[in-house]
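Beneath this line is the structure, given in structure tokens, with notes to follow.
No lab work stands behind these numbers, since they all come straight from the coordinates. Small disclaimer: the values here were computed from a predicted structure and weren't measured. Here the Cβ is made from the backbone with ideal geometry for all residues, glycine too, and neighbour counts use every protein chain on show.
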6 protein chains.
Amino acid sequence: MTYIVKNTATISDELLEELKLVSVSTASHTLVEMGYRNAYMQGIMPLAFPDDQQSAVGRAVTLRFIPLREDLVKQQYESDKLEESPHRTSLESMTKNDVLVIDTGSHMETGVIGDIFTRRVRYLGGQAIIVDGCIRDLQRVKDVNFPVYAKGVHGGAIPRSLMSVGFNEPIRCGGVSVVPGDIILADRDGVVAIPPQCVEEIVKIARAHDELEERWIKMKLDEGASLHTHYPPNAEAKIEFENWKKENGYA
Amino acid sequence: MTYIVKNTATISDELLEELKLVSVSTASHTLVEMGYRNAYMQGIMPLAFPDDQQSAVGRAVTLRFIPLREDLVKQQYESDKLEESPHRTSLESMTKNDVLVIDTGSHMETGVIGDIFTRRVRYLGGQAIIVDGCIRDLQRVKDVNFPVYAKGVHGGAIPRSLMSVGFNEPIRCGGVSVVPGDIILADRDGVVAIPPQCVEEIVKIARAHDELEERWIKMKLDEGASLHTHYPPNAEAKIEFENWKKENGYA
Amino acid sequence: MTYIVKNTATISDELLEELKLVSVSTASHTLVEMGYRNAYMQGIMPLAFPDDQQSAVGRAVTLRFIPLREDLVKQQYESDKLEESPHRTSLESMTKNDVLVIDTGSHMETGVIGDIFTRRVRYLGGQAIIVDGCIRDLQRVKDVNFPVYAKGVHGGAIPRSLMSVGFNEPIRCGGVSVVPGDIILADRDGVVAIPPQCVEEIVKIARAHDELEERWIKMKLDEGASLHTHYPPNAEAKIEFENWKKENGYA
Amino acid sequence: MTYIVKNTATISDELLEELKLVSVSTASHTLVEMGYRNAYMQGIMPLAFPDDQQSAVGRAVTLRFIPLREDLVKQQYESDKLEESPHRTSLESMTKNDVLVIDTGSHMETGVIGDIFTRRVRYLGGQAIIVDGCIRDLQRVKDVNFPVYAKGVHGGAIPRSLMSVGFNEPIRCGGVSVVPGDIILADRDGVVAIPPQCVEEIVKIARAHDELEERWIKMKLDEGASLHTHYPPNAEAKIEFENWKKENGYA
Amino acid sequence: MTYIVKNTATISDELLEELKLVSVSTASHTLVEMGYRNAYMQGIMPLAFPDDQQSAVGRAVTLRFIPLREDLVKQQYESDKLEESPHRTSLESMTKNDVLVIDTGSHMETGVIGDIFTRRVRYLGGQAIIVDGCIRDLQRVKDVNFPVYAKGVHGGAIPRSLMSVGFNEPIRCGGVSVVPGDIILADRDGVVAIPPQCVEEIVKIARAHDELEERWIKMKLDEGASLHTHYPPNAEAKIEFENWKKENGYA
Amino acid sequence: MTYIVKNTATISDELLEELKLVSVSTASHTLVEMGYRNAYMQGIMPLAFPDDQQSAVGRAVTLRFIPLREDLVKQQYESDKLEESPHRTSLESMTKNDVLVIDTGSHMETGVIGDIFTRRVRYLGGQAIIVDGCIRDLQRVKDVNFPVYAKGVHGGAIPRSLMSVGFNEPIRCGGVSVVPGDIILADRDGVVAIPPQCVEEIVKIARAHDELEERWIKMKLDEGASLHTHYPPNAEAKIEFENWKKENGYA
């Protein structure tokens, strides 16, 4: 029997909701400090993202493509096995608060997601689609108004050069491991894959950090405070901050 | 005598007009199915595109640059031969419904098109400019409000590093062959080069495909239909579609 | 004693102000003609830029990062030496009309500038931040409404993979040398580093060039004039231009 | 249940033996003509290859790595689960005439094979190791005198940046799909992955092609025959060839 | 009529012979000093080169490939037009002291030269083959014992992805322009394309430079002379050199 | 005052001598385990290395180049300041057991080291030259029979595109930081930069590791031992090893 790495922790939908308030940058940096240095996906950008949304959060469902072999892709796409292909299985298995993460091996020579698939993922409760490769039909994908991340755009469709070979395995995406059940956090800065057991601490740290202090530091910087004294705040500045909080009724 | 590959078919302006209704993604995929697997240009993106336009269509006029040789570029740009250079010849030869396609060998170290040349191409009836390399003066090019596609932007001008050596030869652009007379279709998803003899079939397939069916599938997906049954539609779904058409007075 | 290259010329704030009217494309091309062929930074794009601003201009202050060594970055970031690090020294040394230019060795694996540092640079009178690498917290950086140029975005922070090692040395950025005191001109087309002694001539050439002639040529092109006769204008066209100027009261 | 593409044909050791006489170039080109255009692995070169060997042939056993997650790699390498890891399972599962093919996602930042593992593969009857990434300890690997192919060399070991996640799945290697049971043919020109059902025909075509004809053509070229008449041979040259065969007692 | 850049000067076989004594490095650097900064081909390496040969020299004959279009490549390779294709025309047009230079657009996805074509070029008096792309059948090409330069190796043949479109046009190779009639100089350091009118001066400068002085400088360095005084030689060292020449009977 | 990171530890020539027995792979991996994950230089290969030498070891002297600015490079190379340039200063400052490490910013467009400079470094007691970029005159450099590492070869010389700007600063090379005084270890697998305070432990670990155990494991593997039991050795195998040592008189 081969042992494959997996997530053991799971987290509640409520915690997912709280994670939405944390930015990708804060989560990435906090993970580095927690000992997880490789969680931010390089080069995976929001090609479609609703204007009125701040971030997308969900549990990773994974799908893996490799370059096609002509006989096998035919077998996969032109038969009654299509429904059982990793491609279709993963799409149809999506449930509420899932995020579909697709490993194409950084393949830039065809698109793997268009507006039809995007609509289906949205209907099933999916929160985002993340592609280590290309999407197609960008304009129509944008019209669906749903978070879709990728490295680029290509007009071709899957059977031009790929076939699907893995559903819910650990994969690579943007130079980062994505294990099924990883918590995906995505905003305008990109995407971070979070080990589920880390989410609670990230939320806590982000909250403590926190907005109050950050707001105060920015206020001070705008008044001319030096980075040397105020970022991070030295002993004196910390007292100043405490006083300011009291004076302004925070605490 | 050396035999150079060429297009033999030509198509009417009316057919070009109909092609405008087909998306780049649909055309790319249809070409793959017709046996032309390499027609979508990789990495060539719309850097300028009119807001109120959906696509650009035209016949390819080609221009080829190579790295300059100091004595030859001087001879080309500082003499009475400038008018006869492939660079100027190609620009001035543009006529109604032409598209200028430029091969720089993916050169990213200077810009080959600015707002002056863009204005001239537009005046002569050109429909778009496609560059396998960089343009310059992006902001002013945008102000011309004309479709210009490229891989990037560079502040330099041609004599910084290139010289023109070919007019209306077969060239490479975005990893794709472009033969003079190829039909170029460009929209927000990028650019596809279509052998002229294929245009009619593409238009037909796209029309048949078609909007009606696609619209219905999207409607069904938004109602919760599964990809398994409805994309592509299985026997049952096809009957459902036929019924829907009748009920809604289509056909 | 080792002799390091440096700028000797300096220019006035008034001249900086005039340079704002020159475009990056014009400056890049003029520099090539003046014998400086490598001044435009490749691949450094405006990730944040105020809508109502046309260009940013200032004197280069430089900062250099290299990959971290674990013991040394700890020494740099977790001690009382942080204030004296090139990183913090360069930021706090910014004065009116400076531009911070950062060499990370094209490192794409972490971000070196976020909204806090951007705010401080703006407060101190800085005019722009230029990064040969990544920034982080793109959305919040945009909210500062200040010109920030980079090659990409990464969620990580400096101690993920870099440490600072040089302040106000000659550096590399976008494939171009940047020597402290170089004049940086940045607009929507990118960034050019100008040797200070060249600014006056660039302003003069750009002014002479000039808008009037360029406006007239574009007008003629829009009326159907050929590139052959009007770009650059031949003898006849030059007379036409002179007449037009007289008729329209320009000279 | 998810259906994963697989090989159904198997071939005998005798046929493997015959395949050794076919060159990688001939096999690659023949596969293209048989409709399999993507079988040659790009950029995977023989970093170690015995001087006295002409080619290596065997059945693909696959192994897949992804970037490590700190908690999971620890779990994999520092526990009693190491034996069950895909990494160790694949190595220990090798049997006579197997070839180990490793997908690291083109990861160039650590080495995954050194001389210890190479020795074990050789002992178990393996015929070659093919890595879409780096090996380490190049000099000692060479000393084992066994065919090892990779994209490069890195001094680091697996736990620097990778963890193993798949054993005998379809993988990507050198831009090509490798399905367990694929027949790997490797010589000084690189590596080709052959669908098992194609081997017999390739051997037949290569034999027919064949050495005799190729030897004769080279002889004719060395005597001054033109490509136009002799490559491929036209009607007249074919008669010439038949005569030559008779005269030299070959038929 | 379109004016295409061309070489006007021609040089004798005797001068070619003398050029063989100049190294690629010396020629490259001398050309930069003569105002031709871009003559050395980047990344084009000797994949086959006779052990007993020092350099290869000849006049450029050019050939250009672009990505294939399925109907056109069929027309080119499966008809009586094959002989007239640029591919075959260029090969058969080779005469004594020619060098075949091939532009594939840096295409790394198939090989364009194998041992058959190499033999023909050698027979016709060709001196080398230079490919901006891949060759195939590396081992057999090596067996021909003829200088062949390329960027890499691929098992595929031309009709896998390319078709020929230009014979004796100006092309790009290794980031450098190659105009028919350019003088190609190739040794173990790579390849340089020399404008014919520059050859005489290069030979003269290289001879003057020269071996005698260089030999003396190396001798002095091996005795401990400093670069400061002896490379380039200062006034004192020049006198020392003159004396040494007299003492050793060189002048 | 700006604080720049530096090495504080120094090590004896005797320890350097002992380090020569450690391989680059062992040192790289040991450093990762000691918490220094980024010490092996990616893509820096031995382009020249004496046949009879096993490794090269020495203390880093650093030199940094950036793209030239035409006025400044002239000032540097055509004046009496040449001797004081970082380029010449670093070369002439080399002493026994130094290694010259050169940061060109991965510049592949000119060569920075040829045989003259190599000879001088050797004469002064230097042990190797490491270039994050190109060398020139490869053949003559090989003839010097001295370890020279680089990313590639280019025929051009420094003033084609670079100028020197830093001597004995911390630099980047092969994606790794090199701080003056770092201990460089180089063999046929590449190069590793070792913080001086780590050398003693690396030597100790490598010795303990050690050859004896490694020799025994390889012997066992060649006899058929499984990786599961013998690599790393489990409890039973450790006893077996101890017994073998006793039986063979090793302890």
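The label-point distance for C:ASN248 and F:THR95, in a model that sets each label 7 Å from Cα toward Cβ, rounds to 7.2 nm.
Projecting 7 Å from Cα along the Cα-to-Cβ direction, the label point of A:ALA208 sits 3.6, 6.6, 6.6, 7.5, 7.6 nm from its equivalents in the other copies, listed shortest first.
Does a label point 7 Å from the Cα of F:GLU236, set along Cα-to-beta-carbon, have any residues of the range A:1-37 with amide nitrogen under 20 Å, and which are they? Answer for the range A:1-37: A:1. Roughly how many Å is it from the Cα centre of the range C:14-83 to that of the range F:106-182, as a whole number? Between the Cα centres of the range C:14-83 and the range F:106-182 lies a distance of 28 Å.
Peptide B:76-88 is shielded by partner chain Cβ atoms: per residue, an average of 3 of them sit within 10 Å of its Cβ. Filter the cross-link list A:LYS20/B:LYS151; B:LYS218/B:LYS238; B:LYS218/B:LYS245; E:LYS96/F:LYS142; F:LYS220/F:LYS245; C:LYS6/F:LYS74 down to pairs whose alpha-carbon distance in this structure exceeds 23 Å. Where the Cα-Cα span goes over 23 Å, the pairs concerned are A:LYS20/B:LYS151; E:LYS96/F:LYS142.
Take the alpha carbon gyration tensor of the protein assembly as shown, find the square roots of its eigenvalues, order them as a ≥ b ≥ c, and report rounded if a/c is under 1.5; if not, report prolate when a/b exceeds b/c, else oblate.
Values: a/c = 1.01, a/b = 1.00, b/c = 1.01.
Note, shape of the protein assembly as shown comes out rounded.
Using the beta-carbon distance between F:GLN197 and E:HIS228 and R0 = 41 Å, what value does 1/(1 + (r/R0)^6) give for FRET efficiency, to the nearest 0.05? Approximately 0.75, to the nearest 0.05. The stretch between D:MET34 and D:LEU21 holds 2.8 nm of extra length on full extension. This uses 0.36 nm per residue minus the Cα-Cα distance.
Classify the range E:6-49 from the C-alpha gyration tensor, please: rounded if a/c falls under 1.5, else prolate or oblate depending on whether a/b exceeds b/c.
On the way: a/c = 1.58, a/b = 1.13, b/c = 1.40.
The shape class here is oblate.
For the range E:93-180, list log₁₀ I(q)/I(0) at each q in 0.16, 0.21, 0.22, 0.26 Å⁻¹, using the Debye formula over Cα point scatterers of equal strength and ignoring solvent, two decimals each. Relative scattering, expressed as log10 I(q)/I(0), comes to -0.58, -1.03, -1.13, -1.46.
Across every pair of different alpha-carbon atoms, what Kirkwood hydrodynamic radius in Å does chain A reach? Walk me through the numbers on the way to the answer.
Values: mean 1/r = 0.0509 Å⁻¹.
Computed over Cα pairs of chain A, the Kirkwood hydrodynamic radius comes out at 19.7 Å.
Considered as an equivalent ellipsoid built on the Cα gyration tensor, the range E:130-222 has semi-axes of 34, 20, 10 Å, the largest given first.
Under a 5 Å amide H cut-off, with hydrogens placed 1.01 Å from N, A:CYS173 pairs with A:VAL178 among residues at least 5 apart or on other chains. Give me log10 I(q)/I(0) at q = 0.15, 0.17, 0.21, 0.25 Å⁻¹ for the range F:25-98, Debye formula, one equal scatterer per alpha-carbon, no solvent. Computed log10 I(q)/I(0) values: -0.82, -0.93, -1.07, -1.19. Of the peptides E:51-57, E:166-172, the ranking by mean beta-carbon count within 10 Å, highest at the top, reads E:166-172, E:51-57.
Under the definition of partner shielding as Cβ atoms of other protein chains within 10 Å of a residue Cβ, what is the mean value for peptide A:55-67? Could the numbers behind the result be given before it?
Working: counts 1, 0, 0, 0, 0, 0, 0, 0, 0, 6, 2, 12, 10.
Average per residue, whole number: 2.
Express the Stokes-Einstein translational diffusion coefficient of the range F:172-211 in µm² s⁻¹, to the nearest whole number, given a Kirkwood radius over alpha-carbon pairs, 25 °C and a viscosity of 0.890 mPa s. Numbers along the way, then the final one.
Details: Rh = 11.2 Å.
Answer from the Stokes-Einstein relation: 218 µm²/s.
All alpha carbon pair distances within the range D:202-247 were sorted into 5 Å bins beginning at 0; the resulting P(r) in whole percents reads 6, 21, 30, 25, 13, 4, 0. With neighbour counts taken as other beta-carbon atoms within 10 Å, the residues B:TYR231, F:TYR123, A:TYR250 rank, fewest first, as A:TYR250, F:TYR123, B:TYR231. Across the identical copies, the label point of E:THR10 (7 Å from Cα in the Cβ direction) is separated from its matches by 4.0, 6.3, 6.8, 6.8, 8.3 nm, in order from shortest. Between C:ASP143 and F:ALA208, the modelled labels are 5.2 nm apart [label points 7 Å from Cα along Cα→Cβ]. Using alpha-carbon pairs under 8 Å, 6+ residues apart, how would you state the relative contact order of chain C in percent? Here the relative contact order equals 28 percent. Between copies, the label points at B:LYS245 (set 7 angstrom from Cα along Cα-to-Cβ) are spaced 5.8, 6.8, 6.9, 8.3, 9.3 nm, reported in nanometres from shortest to longest. By the count of other C-beta atoms within 10 Å, a proxy for reagent exposure, C:VAL191, B:VAL176 are ordered fewest to most as B:VAL176, C:VAL191. Basic side chains Lys and Arg get +1 at the Cβ, acidic Asp and Glu get -1 at the Cβ, and with that the dipole of the range A:202-247 about its Cα centre reaches some 180 debye. When the P(r) of the range A:120-162 is calculated, the portion above 14 Å amounts to 51% of the C-alpha pairs.
Taking every residue in D:38-51 and counting other chain Cβ atoms within 10 Å of its Cβ, the average works out to 3.
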